[in-house]
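Since the structure comes first, as structure tokens, the remarks are kept for the end.
The values are calculated or read from the model by the stated rules, or taken from the named source; none is laboratory data. All values reported here derive from a predicted model rather than from experimental measurement. Glycine gets a Cβ as well: all are built from the backbone with ideal geometry, and neighbour counts include every protein chain shown.
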Amino acid sequence: MSKEEKENINEQQKEVVIMRIEATPSNLKLSIGNYGSMTKEEMIEHVKEGDETGKQIIKSQLSFMKAVASGKFTKAISSV
């Protein structure tokens, strides 16, 4: 994701990411770089706020969904 794309995260992308996070188990925790470990609720709050942590969560979730949709994820897993 380019710098311009990071800055132009729209509400629809936020909602898709929030729905994806809400669909995960309630005991999910995520660690992103130096941001530390976060609960599902903390992740959703960062995404809603659109802060730097939220942008990183959105970026990673959108990248993952693109990899799944394109077949790259399945190909990578099956090659292991």
Among the residues of the stretch 2-33, what is the count of those that are farther than 12 Å from residue 57 by Cα and at pLDDT below 80? 6
When every residue in the stretch 49-66 that is among the hydroxyl-bearing types (Ser, Thr, Tyr) and closer than 25 Å to residue 76 by Cβ is compared, the one surrounded by the fewest Cβ atoms within 10 Å (Cβ to Cβ) is 63
Just checking: which of the helices (runs of 4 or more DSSP H) contained wholly in the chain hold 3 or more residues that are under 14 Å from the mean Cα position of the chain (by Cα) and of a type outside the set (Lys, Arg)? 11-22, 40-49, 52-70
Only unsatisfied item for residue 48, checking (1) touching a Gly at 6+ places or on another chain (Cβ under 8 Å); (2) touching a residue at least 40 places away in the same chain (Cβ under 8 Å), is (2)
Within the stretch 29-48, is even one residue out of contact with any Lys or Arg (no Cβ under 6 Å at 6 or more places or on another chain), of a type in the set (Asp, Glu) and buried (at least 16 other Cβ atoms within 10 Å of the Cβ)? yes
